[in-house]
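Step one of this worksheet: look at the structure below.
The values are calculated or read from the model by the stated rules, or taken from the named source; none is laboratory data. Because the structure is predicted, anything quoted here is derived from the model rather than measured. So basically every Cβ, Gly included, is an ideal-geometry build from the backbone, and we count neighbours across all protein chains shown. The area values use the complete protein model at the heavy-atom level, side chains included, leaving out ligands, DNA and RNA. Shrake-Rupley method; radii C 1.70, N 1.55, O 1.52, S 1.80 Å.
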Amino acid sequence: MSNSVLVFDSGSGGLTVAAEIRKKMPNVQLSYVSDGGFFPYGKKPHDLLKQRILDVVSVASELTRPDIIVIACNTASTIALDLLRAKLNVPIVGVVPAIKPAAALTKSGVVMVLGTHTTVNSAYVKQLIADFATGCRVLVEDSEALVLASEQKLTSDPFDGQNVTQEMQRIFAQHTASETDVLVLACTHFPLLNDEIKSAIPSHVNVIDSGLAIANRVNTLLKMECNLNEQAKTSEVTFYTTGELDSSEVKQRNIELLLDCSLTQRHLSI
């Protein structure tokens, strides 16, 4: 039997992490859970989000019986990872903003961390900065506009990235950002906009995220926790959502292209 991985996100952003897992381990049976019925998480109260995340991930875990759960959402990881690990008897991997590699990469000494309001203002991110980037000036920026734009990109053909361009130009127009040479995408939605983001910011700025590191961690854990099945590629992915099922052929095609799979959509009742 194939090893099973459950990937969770508030919306479609975790697909960027799922794509890296598929590239690294195409033989793994992948289930994806989007909490579309409660999206976006952005500025919702932490206590409300903690209970919601626990409820959704618990139901999804009971349904799919995964070998590993990936919380492919920076907001959820910063506020609910410990709670999930205490309640669920399954190895759980969270998303860590790539602050440590950014600090090692920067030449100017100025790094920008771009995520949701909850993520960039969390104690977790502040601790990462204190632990790994004390020699740098770390700028933190949040953008709900980019989260919404990334979701829109999946349902648009073609996609008009003008809003992304304007948002990135606004962020980098601030005088404090002029020396930035590394941009950390601390929201899993943002890599969906990689091309648009890179074209809108100075060419010398390196853009990094955590997707590949998460895939590597999942690969290591599967080898440690159970015998990693390295047989033929698994071509099907099940996409669960707590919201309404999306009948958009464009979105289905874009997700299938991103994950190199055939996609089955199902509603997850909470």
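Some points to look at:
- Degrees between helix 46-64 axis and first principal axis of the chain (Cα, 0 to 90, nearest 10): 40
- If the Kirkwood radius is taken over C-alpha pairs of the chain, then at 4 °C and 1.567 mPa s the Stokes-Einstein diffusion coefficient equals 69 µm²/s.
- Element breakdown for the chain at a 1.4 angstrom probe: carbon and sulfur atoms account for 47% of the accessible area.
- Using a probe of 1.4 angstrom and keeping all protein chains present, the accessible surface of the chain works out to 45 square angstrom per residue.
- Chain lengthening between Ala123 and Glu179 when straightened (0.36 nm per residue, less Cα-Cα): 17.6 nm
- Surrounding net charge for Ser143, when Lys and Arg each add one and Asp and Glu each subtract one, Cβ distance under 11 Å: -3
- Overall form of the range 62-193 per C-alpha gyration tensor (a/c, 1.5; a/b vs b/c): oblate
- Each of Ala86, Val250, Met25 was scored by the projection of its Cα onto the charge dipole of the chain, and the greatest displacement toward the positive side belongs to Ala86; charges sit on the C-beta of Lys, Arg, Asp and Glu.
- The smallest convex shape that holds all Cα atoms of the range 96-171, its convex hull, gives 106 Å³ per residue.
- Over the chain, relative contact order from alpha-carbon pairs under 8 Å, at least 6 apart, %: 28
- Helix 249-259 and the longest principal axis of the Cα set of the chain meet at an angle near 80°.
- Pairs with C-alpha atoms separated by more than 24 Å, drawn from the list Lys24/Lys87; Lys100/Lys233; Lys43/Lys126; Lys43/Lys100, are Lys24/Lys87; Lys100/Lys233; Lys43/Lys100.
- log₁₀ of I(q)/I(0) at q = 0.12, 0.26 Å⁻¹ - the range 53-111, Debye sum with one point per alpha carbon: -0.38, -1.04
- Solvent exposure ordering (accessible area, 1.4 Å, most first) of Leu148, Leu245: Leu245, Leu148
- Listed by chain and number, the lysines placed with their C-alpha closer than 17 angstrom to that of Lys251 are Lys153; residues fewer than eight positions away on the same chain are left out.
- Distance-filtered residues of the range 105-142 - backbone nitrogen under 19 Å, label point 7 angstrom along Lys43 Cα→Cβ: 114-123, 140-142
- The angle between the Cα long axis of helix 74-87 and the longest principal axis of the Cα atoms of the chain comes to about 40 degrees, rounded to the nearest 10.
- Calculated P(r) of the range 1-100 - Cα pairs past 16 Å, %: 52
- Expressed as a whole percent, the proportion of Cα-Cα pairs in the range 175-270 lying more than 17 Å apart is 70%.
- The spacing between the range 67-90 and the range 19-52, judged by their C-alpha centroids, is 10 Å.
- Using alpha carbons only, the radius of gyration of the range 167-211 set against its Kirkwood radius gives Rg/Rh = 0.93.
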